[in-house]
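As structure tokens, the structure follows; a few thoughts come after it.
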Amino acid sequence: MEAAAIYHRPDSEFAYLYQPDDFRVRLRTKRDDAQAVDCFYGDPYDSEKGQWPYETIAMSKIASTEAHDYWEAALEVPHKRVQYDFRVVGTDGSELLYGDRGCFPFDPSLIGGGGNPFRQPYFHEIDRFQEPDWVRHTVWYQIFPERFANGDTSNDPADVKPWDSTVSPGRTDYYGGDLQGILDHLDYLQDLGINGLYLCPVFKAYSNHKYDTIDYLEIDPDFGDKEVFQKLVAAAHQRGMKVMLDAVFNHIGDRSVQWQDVLTNQSKSRFANWFHVNKFPISYQETTDFEHANELSFDTFAYTPHMPKLNTANPEVQAYLLDVATYWIKEFDIDAWRLDVANEVGHHFWRQFAAACHAVKPNFYILGEVWHSSQPWLQGDQFSAVMNYAFTETVIKGLVDKSLQPTRMVAGLNYQRMLYQQQVNEVMLNTLDSHDTARLLTLCQGDKALLRQTVAFTFLQEGEPCIYYGSEVGMDGGNDPDCRKPMNWDPATQDQELFAFYQKLIKFRLQHADLMTQGALTWQVVDDDQGLVKVVRDDGATFVTGIFNLSGQAQKIGALQTADSVVLSQGLTNDELAASGFVISQR
């Protein structure tokens, strides 16, 4: 047995309080190297009385990656404190005792002794990662406001283009989408089954995308005003829909009052320290690309001179942005913030941000845009979750472009799950396309059967599905800005069958929301030769099974259990599943 592969870390995703009386411990071993793992645990103060009266629990293997197996157990601890160590039994018959001071040949007399056990000195409820429960029961719908619907032509910008969902937009094109347009189509979204609205920025800004904020405390005039926004939030809440706004606190637009003052007064500006200016006077070298400059004398988002980076270590900046964050919660009762470029802002500020938001609304949801592993932000003191792009990319590579074999895909998904505490996984945002990526149908090269299979697979995973506007009626589009076409509102060209598929899938997901987020996840079959993946979700009473054919030809899957009822399927004939086919059943 390879002792060097055995790993555990207290106060982390390997040891955390899941519920007030449910302490989870995980252990990592080399893949296929251990046949069993036991956890010995008990009150640390009892060990001071002589022989330690410990409990023993057999740990379950909950996930495997290419290199490792992960084991987990739930400990019920009466006095809010615990010490524990592990016995690892190798497939070669060897046994090790693993604790805070490493691995030793197993000897029962060593259990709990010699200062070796790991300890959780006290379970502080305030330190437990407490995610908003309502998020588990949400299916999100992302809206790019400028392209969803034009409900009020009186606020259209100059040179607005005719609404046409078949034309690829330019970067600076305007089509007149606004908040009234969203308000006018809430019935449509409710009919689809959506209960979470995720809006790209709506604050006053220069561009059509609004990620270059001019004023965080004003609605952009192109979109309407605060009155219509208030109506939108109230109408959404009446329909049981939550509202998440997109905020850009990493940088601000160069048309903002603050940056304009710096340009005018340079180092003498009262806002000079609001930014990361490396050298005065402000300067940069333009290129043919509006979004890219060389020789920048100040820090920016990427290389765009029009988005100077805010200094969130400055107390004045902190106070300003925290006022913005709480203003929209207090005055308009929003339910969540999505934070753009969240990984480029200091952790110190995000801790202040989370505390301020939760002080106003305890069950508030904070979603960070982080495209990579995100443990530093997901310890319970900053974000509730992140946009699960690592999940997205793994699913796309496994199901859509087939660059990952099923075993590699499942290993990648398991790896991501094991980076976080279970309650974090339960509230992740799982999107397959967005305003920053090519649309799923385009990635699928127009193959709607493949799209349906990919969406169905995603809806069976932990975390909440997010639909990018128009995907449900068959919209396509390449990378930005092509993915931002105006919404197709023409019933004659909308794919109504695809809409009905999304409706049914959303309804099923919401009916089983607790099972899908909190239930066990078991990969029963992962077969590279046949290209078959079978995943089971269960809560001990209800079992939901998904079988997916990722190969290019029909595959035998065997007869479904007689007690199973088929919820949704594609390409299923008797015991055979066509290419891109799937079947979701329930027992």
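Among residues of the range 392-411 that are closer than 17 Å to L432 by Cα, those with a Cβ under 9 angstrom from a residue that is among the hydrophobic types (A, V, I, L, M, F, W, C) and open to solvent by 80 Å² or more (accessible area, probe 1.4 Å), sequence gap 6+ or separate chain, pair up as E393/W371. Residues in the range 8-24 include none that are of a type outside the set (K, R), under 24 Å from L521 (Cα atoms) and touching a Cys at 6+ places or on another chain (Cβ under 8 Å). For the range 274-288, the set of residues classified as polar (S, T, N, Q) and either within 18 Å of S256 (Cα to Cα) or in contact (Cβ under 8 Å) with a residue 12 or more places away in the chain (or both) consists of N278, S283, listed by residue number.
Yes/no matrix, rows are residues, columns are (1) more than 19 Å from A336 (Cβ to Cβ); (2) in contact with a Phe, Trp or Tyr (Cβ under 9 Å, 6 or more places away or on another chain); (3) among the small types (G, A, S); (4) open to solvent by 20 Å² or more (accessible area, probe 1.4 Å):
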site	(1), (2), (3), (4)
R239	no, no, no, yes
F249	no, yes, no, no
D254	yes, yes, no, yes
T264	yes, no, no, yes
R270	yes, no, no, yes
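Residues in the range 254-303 that are within 20 Å of Y216 (Cα to Cα), outside any helix (DSSP H, G or I) and β-branched (V, I, T): T300 only. Residues that are under 19 Å from G581 (Cα atoms), under 17 Å from the mean Cα position of the chain (by Cα) and open to solvent by 10 Å² or more (accessible area, probe 1.4 Å) occur in the range 420-441; there is at least one.
Would you check which residues across the range 499-532 are within 20 Å of L577 (Cα to Cα), touching a Gly at 6+ places or on another chain (Cβ under 8 Å) and of a type in the set (A, V, I, L, M, F, W, C) and list them? If the condition is that a residue be within 20 Å of L577 (Cα to Cα), touching a Gly at 6+ places or on another chain (Cβ under 8 Å) and of a type in the set (A, V, I, L, M, F, W, C), then no residue fits.
Tell me, which residue of the range 26-48 that is within 18 Å of V77 (Cα to Cα) and touching an Asp or Glu at 6+ places or on another chain (Cβ under 7 Å) is most open to solvent (accessible area, probe 1.4 Å)? The extreme case among them is Y41. When the test is whether a residue is open to solvent by less than 60 Å² (accessible area, probe 1.4 Å), in contact with a Ser or Thr (Cβ under 7 Å, 6 or more places away or on another chain) and of a type in the set (S, T, N, Q), N414 passes it.
Scanning the range 190-213 for residues that are open to solvent by 30 Å² or more (accessible area, probe 1.4 Å) and acidic (D, E) gives a single hit, D191. Could you tell me whether the range 575-587 includes any residue that is open to solvent by 70 Å² or more (accessible area, probe 1.4 Å), over 30 Å from Y174 (Cα atoms), in contact (Cβ under 8 Å) with a residue 40 or more places away in the chain and not in a helix (DSSP H, G or I)? Among the residues of the range 575-587, at least one is open to solvent by 70 Å² or more (accessible area, probe 1.4 Å), over 30 Å from Y174 (Cα atoms), in contact (Cβ under 8 Å) with a residue 40 or more places away in the chain and not in a helix (DSSP H, G or I), which makes the answer yes.
Of all the residues in the range 462-490, those that are buried (at least 19 other Cβ atoms within 10 Å of the Cβ), more than 23 Å from the chain's Cα centre (by Cα) and not in a loop (DSSP other than H, G, I, E, B) number 1.
For E55, the stated conditions do not hold, so it cannot be described as among the acidic types (D, E) and closer than 30 Å to E472 by Cβ. Just one residue in the set T517, T545, T493, T522 is in a helix (DSSP H, G or I) and of a type in the set (S, T, Y); that residue is T517. If you go through the range 54-88 and keep only what is over 30 Å from Q524 (Cβ atoms), in contact with a strand residue (DSSP E or B) (Cβ under 6 Å, 6 or more places away or on another chain), open to solvent by 50 Å² or more (accessible area, probe 1.4 Å) and not acidic (D, E), you end up with just Y54. Candidates in the range 94-141 are the residues that are without any contact (Cβ under 8 Å) to a residue 12 or more places away in the chain and closer than 30 Å to L429 by Cβ; of these, the one that is least open to solvent (accessible area, probe 1.4 Å) is H124.
Matching residues to (1) surrounded by fewer than 16 Cβ atoms within 10 Å (Cβ to Cβ); (2) under 27 Å from Q230 (Cβ atoms):
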| site | (1), (2) |
| --- | --- |
| P281 | yes, no |
| N311 | no, no |
| L322 | no, yes |
| I329 | no, yes |
| V341 | no, no |
| F349 | no, no |
| A354 | no, yes |
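Taking each residue of the range 445-461 that is in a loop (DSSP other than H, G, I, E, B) and looking for partners that are open to solvent by less than 10 Å² (accessible area, probe 1.4 Å) and of a type in the set (S, T, N, Q) with beta-carbon atoms closer than 8 Å, six or more apart or interchain, yields Q461/N430. For the range 363-409, taking the residues that are assigned to a helix (DSSP H, G or I) and out of contact with any helix residue (DSSP H, G or I) (no Cβ under 8 Å at 6 or more places or on another chain), the one that is nearest to T326 (Cα to Cα) is identified as Q375. Applying the criterion of being touching a strand residue (DSSP E or B) at 6+ places or on another chain (Cβ under 6 Å) and not charged (D, E, K, R) to the residues of the range 211-235, the residue that is farthest from L186 (Cα to Cα) is I214. Is it fair to say D187 is assigned to a helix (DSSP H, G or I), without any contact (Cβ under 8 Å) to a residue 60 or more places away in the chain, open to solvent by 50 Å² or more (accessible area, probe 1.4 Å) and not β-branched (V, I, T)? So D187 passes the test. Restricting D159, D173 to those that are in a loop (DSSP other than H, G, I, E, B), at positive phi and surrounded by fewer than 22 Cβ atoms within 10 Å (Cβ to Cβ) reduces the list to D159. T91 meets all of the listed conditions (1) exposed (fewer than 14 other Cβ atoms within 10 Å of the Cβ); (2) closer than 27 Å to Q518 by Cβ; (3) touching a residue at least 40 places away in the same chain (Cβ under 8 Å) but one, namely (2). Here K161 meets the list (1) over 25 Å from the mean Cα position of the chain (by Cα); (2) under 17 Å from L232 (Cα atoms) almost entirely, failing just condition (2).
The values are calculated or read from the model by the stated rules, or taken from the named source; none is laboratory data. Model, not experiment: these values are computed from the prediction. FYI the Cβ positions are ideal-geometry reconstructions off the backbone, even for glycines, and counts take in every protein chain you see. Side chains are part of the model used for accessible areas, which takes the heavy atoms of the whole protein and leaves out ligands, DNA and RNA. Shrake-Rupley method; radii C 1.70, N 1.55, O 1.52, S 1.80 Å.
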